[in-house]
Amino acid sequence: MSSSSSSVICSFVIILALFFNSLLLCNGGKTSIYVRKEEKTVDMPLHSDVFQAPLGYNAPQQVHITQGDHVGKAVIVSWVTQDEPGSNTVVYWSEGSKEKMKAVGKISTYKYYNYTSGFIHHCTVKNLEYNTKYYYVVGEGTSMRKFWFTTPPEVGPDVPYTFGLIGDLGQTFDSNVTLTHYEKNPMNGQTMLFVGDLSYADNHPNHDNVRWDTWGRFVERSAAYQPWIWTTGNHEIDFAPEIGETKPFKPYTHRYHVPYRASQSTAPFWYSIKRASAYIIVLSSYSAYGKYTPQNQWIEQELPKVNRTETPWLIVLMHSPWYHSYNYHYMEAETMRVMYEPLLVQYKVDVVFSGHVHAYERSERISNIAYNLVNGECSPVKDLSAPIYITIGDGGNIEGIANNMTVPQPEYSAYREASFGHAIFDIKNRTHAYYSWHRNHDGYAVQGDSTWVFNRFWHPVDESQ
Ligand SMILES: *[C@@H]1O[C@H](CO)[C@@H](O)[C@H](O)[C@H]1NC(C)=O
Ligand SMILES: *[C@@H]1O[C@H](CO)[C@@H](O)[C@H](O)[C@H]1NC(C)=O
Ligand SMILES: *[C@@H]1O[C@H](CO)[C@@H](O)[C@H](O)[C@H]1NC(C)=O
Ligand SMILES: *[C@@H]1O[C@H](CO)[C@@H](O)[C@H](O)[C@H]1NC(C)=O
Ligand SMILES: *[C@@H]1O[C@H](CO)[C@@H](O)[C@H](O)[C@H]1NC(C)=O
Ligand SMILES: [Fe+2]
């Protein structure tokens, strides 16, 4: 080959590269023109309707459920009684059945600074049938309260299932609007994937734990009827040596139990569950994750166990986002990303949901794992084996909106908007899921952002085209 023809080829390749580069620039990056008015988000006052305790002596309050085993045939029922321990039994029966069954749980209390909790009950109801509606009753006599839930279909590759997503909810008037939008969304979320930062009690003097109780009463209207899958955020740490509180996660771990032992985890901050066609891995941004730590050992053993023939959808939840483009908490999760991103790409995670940044953003499929200290390859690149990263810390808490974005919008960012809302991840079959985000200023059925998500194992096609 003559040198002139090789230089022609060479310049052709450069032009082609520039062309694809500009394509990527054109495709990526929409910053919404919708800008939410900046206003103070205030916690609903203690006497608000959503915080009212149920009537009756020692009536169970703050009732909430979560998955109780690895596969969805058990439920942990939790509640609080204020006056005395009371009954710790859950009476339950399947719809249409006359046979009532009982399960007995455990009671605990805790103190935090000058606050003493009520009697916190956790009871695991086991050996449930799949795809069945159950009624359950907690409490005694005239203070009995009845709720219901539906178990998921048997774990398998082609079972449709609809997850809701909320992060950083708190207990402001906006939090209430976000939760109402989730409840009224015609897409009907069946299980809530909650990406951390629950009550924001720690924004009150001495982390006023009364605000943990009001939060429990506030979310009961959803969390007593469908499982909320919990992730820990920074507002769950409640580490306050200045008032003598040095045990991290004390209120959270007393109040919210998760089935971590069922996935061989040794702590409630990282664990996994299977639900219908999804395998959900919950990670902890605020527990040690370096080499040789318990969380690191666990994730290295966990990811190879995921059988995509059984559960095609691999979803990861963690509080602090690896990819977003707001000038808040920017790069806070960078060390964790460096540790775990190669694993998530290797095992072809479909989507990662995070909170922490009080706004909304969806990324392209990108990775940044080529850098090795000497090669200088340290920019995110398009990667069809990589997850989509969704930041959904826009529940509407007391700290307000995050509306300061990096300019220009980075190529890895597909859509971003500084307003409050929730999302729905609607699995249709092993290849397709429909994802939508819903602004809490709109009508209940309006979608602010949406995309088809193609499964990375069964249909690893570029959905951004
Ligand atoms: C706890 O202490 C704070 C001030 O330090 C006080 O305002 C509050 O009433 C106390 N609460 C209880 C339950 O004693
Ligand atoms: C919270 O939302 C519910 C449902 O929309 C409504 O009934 C209730 O009055 C609201 N409460 C507050 C304090 O905004
Ligand atoms: C993966 O799951 C499928 C469907 O349940 C099953 O047939 C197969 O044996 C599993 N593979 C492994 C390696 O366990
Ligand atoms: C937005 O964030 C940048 C970077 O932290 C800062 O320099 C700038 O002042 C902020 N803008 C506003 C309006 O707060
Ligand atoms: C999976 O769902 C998508 C979206 O509803 C549909 O277009 C596709 O045909 C389905 N695939 C199969 C194999 O049913
Ligand atoms: Fe946070």
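The values are calculated or read from the model by the stated rules, or taken from the named source; none is laboratory data. This structure is a prediction, so every number in the text was calculated from the model and none was measured. With ideal geometry, Cβ positions are generated from the backbone for all residues, glycine too; neighbour counts draw on all protein chains shown. In case anyone asks, the SASA skips ligands and DNA or RNA and just uses the protein heavy atoms, side chains included. Shrake-Rupley method; radii C 1.70, N 1.55, O 1.52, S 1.80 Å.
Mind putting a number on the dipole of the stretch 409-465 about its Cα centre? Charges go on the C-beta only, +1 for Lys and Arg and -1 for Asp and Glu, and I need it in Debye to the nearest 20. Display every interim value, and only then the final one.
Numbers: 5 positive and 7 negative charges, 44 e Å.
Here the size comes out at about 200 debye.
Return, for the Cα atoms of the stretch 407-452, the radius of gyration and Dmax in Å, separated by a comma.
Over the stretch 407-452's Cα set, Rg and Dmax evaluate to 12.6, 38 Å.
Determine Rg/Rh for the stretch 381-465; Rg is computed over alpha-carbon atoms and Rh is the Kirkwood hydrodynamic estimate from the same atoms.
Values: Rg = 14.5 Å, Rh = 14.6 Å.
Using only Cα positions, Rg/Rh for the stretch 381-465 is 0.99.
When DSSP assigns beta bridges and you keep just the ones with both residues in the chain, what percent turn out antiparallel, to the nearest 5?
Numbers: 66 of 86 bridges.
In the chain, approximately 75 percent of DSSP beta bridges are antiparallel ones.
Given a 1.4 Å probe, how much area per residue of the stretch 261-308 is accessible, in Å²?
On the way: 1830 Å² over 48 residues.
Spelled out: the 1.4 Å probe surface of the stretch 261-308, per residue, equals 38 Å².
At q = 0.13, 0.17 Å⁻¹, what log₁₀ I(q)/I(0) does the stretch 277-375 have when each alpha carbon counts as one equal point scatterer in the Debye sum?
Values, matching the q order: -0.48, -0.82.
Translational D (Stokes-Einstein, µm²/s) of the stretch 324-461 at 10 °C and 1.306 mPa s when Rh comes from the Kirkwood sum over C-alpha pairs?
Details: Rh = 15.9 Å.
In µm²/s, the coefficient rounds to 100.
Using a 1.4 Å probe on the protein heavy atoms, what percent of the accessible area of the chain belongs to carbon and sulfur? Don't skip to the answer; put the middle values down first.
Values: 10840 of 19280 Å².
Carbon and sulfur atoms account for 56 percent of the accessible area of the chain.
Give the cross-link partners of K305 among the aspartates and glutamates, using a straight C-alpha distance below 20 Å as the criterion and excluding same-chain residues fewer than 8 apart.
Output for K305: D69, E154, D158, E341, D350.
Using a probe radius of 1.4 Å on heavy atoms only, what accessible surface per residue do you get for the stretch 345-393? Whole Å² is fine.
Here the per-residue accessible area is 36 Å².
How far is helix 210-223 tilted off the main Cα axis of the chain, in degrees rounded to 10, range 0 to 90?
80
Could you state the number of Å between the C-alpha centres of the stretch 57-136 and the stretch 267-328?
26
Sort all Cα-Cα distances of the stretch 343-405 into consecutive 10 angstrom bins from zero, then give the percent of pairs in each bin up to the one containing the longest distance.
21, 37, 30, 12, 1
What is the helix-to-structure angle for 3-27, meaning the angle in degrees between its Cα long axis and the longest Cα principal axis of the chain, kept from 0 to 90 and rounded to the nearest 10?
The answer is roughly 30 degrees.
What residue among A418, H356, T124 has its Cα farthest toward the positive end of the dipole of the chain, where the charges are +1 on Lys, Arg and -1 on Asp, Glu, each on the Cβ?
With unit charges placed on the Cβ atoms, the residue in question is T124.
Between V210 and V177, what length comes free when the chain is fully extended (0.36 nm per residue of separation minus the Cα-Cα distance, one decimal in nm)? Intermediate values should be presented prior to the final figure.
Values: separation 33, 0.36 × 33 = 11.88 nm, distance 2.16 nm.
Value of the extension gain: 9.7 nm.
What are the lysines whose alpha-carbon lies under 19 Å from the alpha-carbon of K146, with same-chain residues fewer than 8 places away excluded?
The qualifying lysines are K98, K100, K102, K126, K133.
Using the C-alpha gyration tensor of the chain, what are the square roots of 5 times its eigenvalues, in whole angstrom, with the largest one first?
Sorted largest first and rounded, they come to 41, 24, 21 Å.
If I model a spin label at V407 and E38 as a point 7 Å from the Cα along the Cα→Cβ vector, what separation in nanometres do I get?
A separation of 1.3 nm, rounded to one decimal place.
When the dipole is taken about the Cα centre of the chain, and only Lys, Arg (+1) and Asp, Glu (-1) are charged at their Cβ, what size is it in debye, to the nearest 20?
Numbers: 37 positive and 45 negative charges, 224 e Å.
Charge dipole of the chain: 1080 debye, to the nearest 20.
Answer with one residue from H438, Y328, N375: the one whose Cα lies farthest towards the positive end of the charge dipole of the stretch 283-441, charges on Cβ with Lys, Arg +1 and Asp, Glu -1.
Checked the options; the winner is H438.
Taking only protein heavy atoms and a 1.4 Å probe, what accessible area per residue, in Å², does the stretch 92-159 have with all protein chains in place? List each step's numbers first, then the result.
Values: 3890 Å² over 68 residues.
With the other protein chains kept in place, the stretch 92-159 gives 57 Å² per residue.
So which aspartates and glutamates pass the test for K40, namely a Cα distance under 12 Å, with those fewer than 8 places away in the same chain ruled out?
Here the aspartates and glutamates satisfying the reach criterion relative to K40 are D174, E399.
For the stretch 230-381, what is the charge dipole size about the Cα centre, in debye to the nearest 20, if Lys and Arg each add +1 at the Cβ and Asp and Glu each add -1 at the Cβ?
Numbers: 13 positive and 14 negative charges, 113 e Å.
My answer is approximately 540 debye.
For the chain, what is the mean residue ellipticity at 222 nm derived from helices alone (per DSSP H run of n ≥ 4: -39500 (n - 2.57); sum divided by total residues; nearest 500 deg cm²/dmol)? Numbers along the way, then the final one.
On the way: 6 runs with 79 residues, N = 465.
One gets -5500 deg cm²/dmol as the mean residue ellipticity at 222 nm.
I'd like the orientation of helix 173-184 relative to the chain: the angle between its Cα long axis and the longest Cα principal axis, in ° from 0 to 90, rounded to 10.
Long axis of 173-184 versus the principal axis of the chain: about 90 degrees.
May I ask which residue of A267, T151, G233 lies farthest towards the positive end of the charge dipole of the chain, with charges of +1 (Lys, Arg) and -1 (Asp, Glu) on Cβ and the Cα centre as origin?
T151
Kindly rank 432-441, 129-138, 109-118 from highest to lowest mean number of other beta carbons found within 10 Å of each residue.
Ranked from most to least packed, the peptides come out as 432-441, 129-138, 109-118.
Taking R0 as 30 Å, what FRET efficiency do you get between W458 and Q264 from their Cβ-Cβ distance, rounded to the nearest 0.05? Intermediate results must be reported in sequence, preceding the final value.
On the way: r = 27 Å, r/R0 = 0.88.
Given R0 = 30 Å and the Cβ-Cβ separation, E is 0.70.
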